[in-house]
Protein chains: 2
Amino acid sequence: MTPETLPDFDPALDLVLQRDLAAPREVLYECWTTPEHLIHWFVPKPHRVTACHLDVRVGGACNTTFDVEGTVMENKGVYLEVVPNERLVFTDAYSEGWKPAAEPFMTAILTFEDLGAGRTRYTAVARHRNAETARQHAEMGFHDGWGTVASQLEAYAQGLGR
Amino acid sequence: MTPETLPDFDPALDLVLQRDLAAPREVLYECWTTPEHLIHWFVPKPHRVTACHLDVRVGGACNTTFDVEGTVMENKGVYLEVVPNERLVFTDAYSEGWKPAAEPFMTAILTFEDLGAGRTRYTAVARHRNAETARQHAEMGFHDGWGTVASQLEAYAQGLGR
């Protein structure tokens, strides 16, 4: 699977990052779904995750708080789909209790494909509700940001020594 | 449970219809989740459902087409939560494949509570992303419309003779 052959890929609405990471998918999935792990790699350094509440089930909270150069950013969301070790879908279009957000930003679809030998094809699709939001996300630095975070995730996962 | 005590009820954003129906919740749930049943009661008569595709799983399609006095209305959505016989959550905020809608209208949370003796407390909450959309839905006749549909559902379910 390449970004161009992703199911339903829409270049006007979707941004994609795909990377082969030198860590098993079970470990990457654990890093994505465990607050104690997530805080160490989830935002490009030196920015920091200062709070994280994850209730990893459909409709459960996926909330994080960042400190970006002294500015606190609260992100509330929910999981839409949870397939352990394989796939996670989450969005800010809802907060817990299926409360719709007034202006949703994106829906993220993550897939973890086992490449064997402890390697994983990691694909993150950020799907947007209109072209303007997708463009805005691209200009905010989606590719650099999510790329940096993928490298941080890989290094952190390797450091767990599994 | 009354509308006022619904979890997270927000009078500015949520519209609620609650009715005690003289039919078992298993039958009502089946009517909601089976196209051959749904087409008979889902819109106030004489309007008609002319097509219906339901894939009753999280992320599966919940698509219906209405004929309202010759005007065809296509409604695409997905299920967000599926608890057989108890609870259904669906929305037009996504179409199948987690494609976000540009301008979502509502998220519906249905609960079916067993009252014993073949009766069910049926609660439909329509949750909106802003007060303007909720007001618009109320003015479109949410309470009358969903009330009529609840009566049609009850009569249809009773006619199944279960």
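The values are calculated or read from the model by the stated rules, or taken from the named source; none is laboratory data. No experiment lies behind these values; they were computed from the predicted model shown. Here the Cβ is made from the backbone with ideal geometry for all residues, glycine too, and neighbour counts use every protein chain on show.
Just so you know, in region A:102-131 the residues that are closer than 30 Å to residue B:10 by Cα and exposed (fewer than 15 other Cβ atoms within 10 Å of the Cβ) include one that is farthest from the other protein chains (Cβ to nearest Cβ), and it is A:103.
From the residues in region B:88-101 that are over 12 Å from residue B:58 (Cα atoms) and surrounded by fewer than 20 Cβ atoms within 10 Å (Cβ to Cβ), which one is farthest from the other protein chains (Cβ to nearest Cβ)?
Within region B:88-101, the subset over 12 Å from residue B:58 (Cα atoms) is B:92-93, B:99-101.
Narrowing further to those that are surrounded by fewer than 20 Cβ atoms within 10 Å (Cβ to Cβ): B:92, B:99, B:101.
Values: B:92: 11, B:99: 6, B:101: 6 Å.
Result: B:92.
Suppose the filter is within 26 Å of residue A:10 (Cβ to Cβ), in contact with a helix residue (DSSP H, G or I) (Cβ under 6 Å, 6 or more places away or on another chain) and of a type in the set (A, V, I, L, M, F, W, C); does residue B:54 pass it? Answer is yes for this residue. Screening the candidates A:115, A:28 for the property of being farther than 28 Å from residue B:83 by Cβ, over 14 Å from the mean Cα position of the chain (by Cα) and at pLDDT 95 or above yields one hit, A:115.
Where strands (runs of 3 or more DSSP E) fall entirely within region B:55-155, those with at least 1 residues that are under 23 Å from residue B:35 (Cβ atoms) and without any contact (Cβ under 8 Å) to a residue 60 or more places away in the chain are at B:62-68, B:71-75, B:78-83, B:87-91, B:107-116. The single condition among (1) buried (at least 17 other Cβ atoms within 10 Å of the Cβ); (2) assigned to a strand (DSSP E or B); (3) among the aliphatic types (A, V, I, L, M) that residue A:28 does not meet is (2).
For region B:38-47, the criterion of being part of a loop (DSSP other than H, G, I, E, B) and farther than 15 Å from residue B:153 by Cα is met by no residue.
Within region B:5-25, being part of a helix (DSSP H, G or I) and out of contact with any strand residue (DSSP E or B) (no Cβ under 9 Å at 6 or more places or on another chain) holds for one residue alone: B:5.
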